[in-house]
Amino acid sequence: MSGRRETAPHSALTMWTSSFRWLLAGRLVSFLGTSIAPVALVFAVIDIDSSATALGMVLAARTIPMTLFILIGGVIADRFSRSRILVIAHVSSAATQAVAAWLLVSGNATIGNLMVVEGLNGIAVAFALPALNSVVPMVVDREHLQRANAVLSMTRHGAFILGPSIAAGMVVTIGAGWGLALDAGCYVLAAVCMAVLRLNRATNNDQPQETGVLSELRSGWSAFASRQWVWAVVGAFTVVNMVEACVIVTLGPVVASRTFGEVGWGIAMSAEAIGFLAASALLVLVSLRRPLRAGMIAMLGTVPAMLVLGISPEAWMFIAASTLAGFSMEIFGVGWFTALHEKIPEHLMSRVSSYDALGSFIAVPVGQLLAGPATAAFGVERTIVGGALISLVAILSAIAAPQVRSLTLGPSEEAAPP
């Protein structure tokens, strides 16, 4: 086992097939566009209506359809060509963002028409995500999965460092509408990259085609629920994501504005991104034999950032804790996707990924909505510390699951079609 996971120069080079390079390029420009859009859209909405209600309506208009359609997206990605789905989804995203850009640049944008356009964009994303999360095993060999996931993750985080700065510069110079136009252009380039992908679906050729969406949803749920290591981790992250949405995303800026300031908050977010990149670079070189055990133990490193915010919100402490949190989350993320790609049969991959995504998405608005009532009842500091403890319990519960601790990378019967 350990010999198979050893890193060798020739082994590293064989990962860089033309399909992997096109996937890498496509994901890079896609995530660059994805990182530009939120900044441009937020400031565009604020220019129209500065109320928090208006902004929340536009953001929810995208999130809700994405959540509703994500399971259907998983079924479609397992049934049809994933590269074709990615092309259609990226072209659709480009079209919706181009319309939004035109509305803003022409002065015809309203909260209502932006909600409609972003809702359509959310549907496109719901079909893209399960396919995008499932193609890595179809372009690289099994022994390169962790390394490939780490490289792909590095480009994603690089895009999310660069994109917001580009968007902010465009907003203050030529306007938010042009930021969304650039976003649309990124999706067009991503569609071109996805169009030339050559995916190996040999493992799917002998799979029987099921006879309906509900049947395929049931088989996807069966694959999800029958694996303790999958549902234990997803269940834990439903709670962890809810807490993060409440404590870090919603209450974090409130605490920062009262204590170490917006600049300190911005530096901390950049430090978190540096932590992500450092972990990705490490995982290109170092293999995880038990990726879920390592990943969930690493997730304990996300708790200190919340405790600092709730107990002693000083800039240097929060920056250090954010760096650790980014590093920890990336160790988990690469390990998680590598485990999914190696252990879930390819013909079920997108459906299992869609249930995973649903568990993540559905918790975020809950956490955001709970922030107000919780702080009214307990105060900001107690809410944050309480959230940190809840997250800690959720992480420990996943670590306690036997399959999470014991799952080992390597050939297994589970990875092959039944």
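The values are calculated or read from the model by the stated rules, or taken from the named source; none is laboratory data. Being a predicted model, the structure only gives us computed values, none of them experimental. With ideal geometry, Cβ positions are generated from the backbone for all residues, glycine too; neighbour counts draw on all protein chains shown.
Mind checking which residues of segment 286-340 are in contact with a helix residue (DSSP H, G or I) (Cβ under 6 Å, 6 or more places away or on another chain) and β-branched (Val, Ile, Thr)? Answer for segment 286-340, where residues must be in contact with a helix residue (DSSP H, G or I) (Cβ under 6 Å, 6 or more places away or on another chain) and β-branched (Val, Ile, Thr): 302, 303, 308, 319, 323, 331, 334, 338. Where helices (runs of 4 or more DSSP H) sit wholly within segment 253-362, those with at least 2 residues that are without any contact (Cβ under 8 Å) to a residue 12 or more places away in the chain occupy 261-285, 315-343. Restricting attention to segment 362-379, the residues that are at pLDDT 85 or above and either assigned by TED's automatic domain parsing to the domain that holds residue 126 or surrounded by 18 or more Cβ atoms within 10 Å (Cβ to Cβ) (or both) total 2.
Flag set for residue 142, criterion: surrounded by fewer than 18 Cβ atoms within 10 Å (Cβ to Cβ) and at pLDDT below 90.
Of the residues 12, 89, 54, 60, only one is at pLDDT 80 or above, part of a helix (DSSP H, G or I) and not β-branched (Val, Ile, Thr); which?
89
Count of segment 222-279 residues, restricted to those that are surrounded by fewer than 21 Cβ atoms within 10 Å (Cβ to Cβ) and of a type in the set (D, E, K, R), is 3.
Here is a check on your reading of the model: is residue 232 at pLDDT 80 or above, among the aliphatic types (A, V, I, L, M), within 20 Å of the chain's Cα centre (by Cα) and not assigned by TED's automatic domain parsing to the domain that holds residue 18? It is true that residue 232 is at pLDDT 80 or above, among the aliphatic types (A, V, I, L, M), within 20 Å of the chain's Cα centre (by Cα) and not assigned by TED's automatic domain parsing to the domain that holds residue 18. Which of the numbered conditions does residue 98 fail, given that it passes all the others? Conditions: (1) touching an Asp or Glu at 6+ places or on another chain (Cβ under 6 Å); (2) over 30 Å from residue 200 (Cα atoms); (3) modelled with pLDDT of 85 or more. Only one criterion is unmet by residue 98, namely (1).
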